[in-house]
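The values are calculated or read from the model by the stated rules, or taken from the named source; none is laboratory data. For clarity, every value in this text was computed on a predicted model and none was experimentally measured. Every residue, glycine as well, gets a Cβ built from its backbone with ideal geometry; the counts of neighbours run over all protein chains shown. For the accessible areas, the whole protein counts, side chains as well, though only heavy atoms, and no ligand, DNA or RNA atoms are used. Shrake-Rupley method; radii C 1.70, N 1.55, O 1.52, S 1.80 Å.
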Amino acid sequence: QLCINYTNETLQQQFNKFVFKLEQQEYEREGILWKFIPFPDNQDVLDLIDKPRTGILQILDEQCIVDWGTDKKFSLSLYSTCDQISTRFHVSAAQRVRNKFAVEHYAGFVEYSTENWLEKNKDQLPAATAELLESSDFDLMGQLKKYVRSEGAKVAMKSLGRQFSDSLKVLRTRIDATMPHYVRCLKPNDALEPDNFDPKNIVEQLRYCGVLEAVRVSRAGYPTRYPHEVFITRYYMLCPDRSSDSDNLSPYHREISANLTEDQKQLKRLVSRVATEVWNIEHEIFKRSSPSQSPPESKDNRHALAQPKNIDEFMRLDFSSRCAVAGLQLGKTKVFLRREAFECIESIRNEKFGRNVTKISKTWRRYAAQQKLRMSRRAATMIQCMVRMAIAQMKTGQLMANFKAYLRMKAAASKIQRSYRNHHAVTYKEGAELRRAKAAVLTIQGGVRGRLARRRVFGLVHAIAKFQSQVRTIEVRRA
């Protein structure tokens, strides 16, 4: 168990140095203003376990070398040596009686018992077994001899602890020469049951494996970072006019050099504008919460810069100092944001997006309502046109029916008159001249009446056709 915990401590130290060292190397590579971030170091635990002369494994090897070494003497040597030089080593009176001790590891306290430690650490074959292998004439035993190591006097160089320590050093050297990627495996519950997530158990595992500490140190620096083009794409709306220095950069400094490209100039204006917005919001929040107090010092003694008291003092700072006070930094390829600055920028972005979304939604609803109104008007006009056309068709049909009835009545009346006059002329024996005169009159009357009737009929038919043509023309134009 001590070897396992020794491995965990070694790998945990390698993880801490790798993660935090890379974090700060990136700050230096980007050329931003930053302060060294302390991170946890468990070197004292490693020294307690394997430091020369005073480490637990070293003391164990010394006890294995001497012939009079026992587990009791090993325990007494531990108590007299480790209890005085390390605060990670703990032993109580009850543990002394039972030959036990405790070590405060990175993940917590672990109690160990020294029973049979010397025998396990020697890792020697029994003498009888070695003699049997050497004296055996069996072919298989003869083949196994070359794989059996010879036991010498220097047991410490062959002890299990020494072998494990050397192997661990080789492993760590190999890991340091590579670019490792870490995968943390967490048990959802101690019972290993499906669909059972124990939050307390998960938090303890995250704390013991150093993930929470890594997150804490990361948040103490600049945990959020964006490449330049991504930052511009995400926060362009915070500085609409990036082509002008006015209202974007400090009027007290010349912050745009001639050797910058246009994209770099726009990025610097955007970062400066964002830093000013963030500082204004934080300053207003502080004044509302504590109006009688002076402005606070930078969080975590951020770059040892005092907070400005007003906007004029803030703008008198240089570009890097303004960004540091606001909680963001402009690197060579990335923009770094502290957690508070990131949350503030995101709130400003969300507020602007909310206003724009409301405006777009309002405009779209107005357009949709106008379109609906136009469609309703066109539909109402079409319905009115169809109803009026139906009414006109009904009236036209009724007029044509009345006209046909009139023509039938007129034809009948003319027939009756003709029959009666014929009968009267025959009955009263009128003269031929009179009959011819009457016939001429009747012919003239018939022609005149027919002409008048046809004129009225043709005029009515022409009026109806013209009315229908105009109605159809209006319908086609509206369609």
Requested in this report: With θ set to phi - 60°, apply the Karplus curve 6.51 cos²θ - 1.76 cosθ + 1.60 along segment 308-323 and write out the HN-Hα couplings as whole Hz, x wherever there is a Gly or Pro.
Outcome: x, 8, 8, 5, 5, 5, 5, 6, 6, 6, 6, 4, 5, 5, 4, 5
Query raised in the report: In nm, to one decimal, how far is the Ser243 label point from the Asn350 one, both placed 7 Å along Cα→Cβ?
Result: 3.3
Report task. Order Leu78, Leu212, most accessible first, counting only protein heavy atoms with a 1.4 angstrom probe. Result -> Leu212, Leu78
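Nearest 500 deg cm²/dmol is fine: what mean residue ellipticity at 222 nm does the chain get from its DSSP H runs of n ≥ 4 alone, each adding -39,500 (n - 2.57), divided by its residue count?
Here the helix-only value at 222 nm equals -22000 deg cm²/dmol.
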Report summary line: The extension gain from Thr381 to Ala401, computed as 0.36 nm times the residue separation minus the Cα-Cα distance, is 4.2 nm
Report summary line: Looking only at lysines whose Cα falls under 21 Å of Lys51's and that sit 8 or more positions away or on another chain, we get Lys17, Lys73, Lys100, Lys120, Lys122, Lys154, Lys158, Lys169
**Report entry** Net length gained if the chain between Phe109 and Gln370 were fully extended (0.36 nm per residue, minus Cα distance)
**Finding:** 86.6 nm
Query - Cβ-defined net charge surrounding Phe197, 15 Å radius [Lys, Arg +1; Asp, Glu -1] - result: -3
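Express the accessible area of the chain per residue in Å², computed with a 1.4 Å probe while the remaining protein chains stay in the model. Mind showing how you got there, number by number?
Details: 31400 Å² over 479 residues.
Spelled out: the 1.4 Å probe surface of the chain, per residue, equals 66 Å².
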Report task. Provide the per-residue ³J(HN,Hα) series for segment 328-341, in order, calculated from phi with Karplus coefficients 6.51, -1.76, 1.60 and θ = phi - 60°, each as a whole number of Hz, with x at glycine and proline positions. Result -> 9, 9, 9, x, 6, 10, 9, 10, 9, 10, 6, 4, 5, 5
Requested in this report: Go through segment 176-181 residue by residue and turn each phi into a ³J(HN,Hα) via Karplus (6.51, -1.76, 1.60, θ = phi - 60°); whole Hz please, and just put x for glycine and proline.
Outcome: 5, 8, 10, 10, x, 10
Query raised in the report: Which cross-chain or sequence-distant (5 or more) residues have an amide H under 5 Å from the amide H of Glu115, H modelled 1.01 Å from N in plane?
Result: none
Report summary line: Of every hundred units of 1.4 Å-probe accessible area on segment 217-267, the number belonging to carbon and sulfur atoms, as a percent, is 48
Report task. Heavy atoms only, probe 1.4 angstrom, no DNA, RNA or ligands counted: give me Asp195, Asp176 ranked by accessible area, highest first. Result -> Asp195, Asp176
Report task. Roll a 1.4 Å probe over the protein heavy atoms and report the accessible area of Trp117 in Å², nearest 10. Result -> 40
**Report entry** Contact order normalised by residue count of the chain, Cα under 8 Å, 6+ apart, percent
**Finding:** 13
Query - Rounded to the nearest 10 Å², the accessible area of Arg436 at probe 1.4 Å - result: 130
Report summary line: For Lys359, counting only aspartates and glutamates whose alpha-carbon sits under 17 Å away and dropping same-chain residues fewer than eight positions off, the answer is Glu351
Report summary line: Any residue on another chain or 5+ positions along whose placed amide H is under 5 Å from the amide H of His105 is listed here as Val110
Query raised in the report: Which of rounded, prolate, oblate describes segment 319-367, given a ≥ b ≥ c as roots of the alpha-carbon gyration tensor eigenvalues and a/c under 1.5 marking rounded, otherwise prolate only if a/b is larger than b/c?
Result: prolate
Query raised in the report: R0 = 60 Å: FRET efficiency of His253 with Ala177, Cβ-based, nearest 0.05?
Result: 0.85
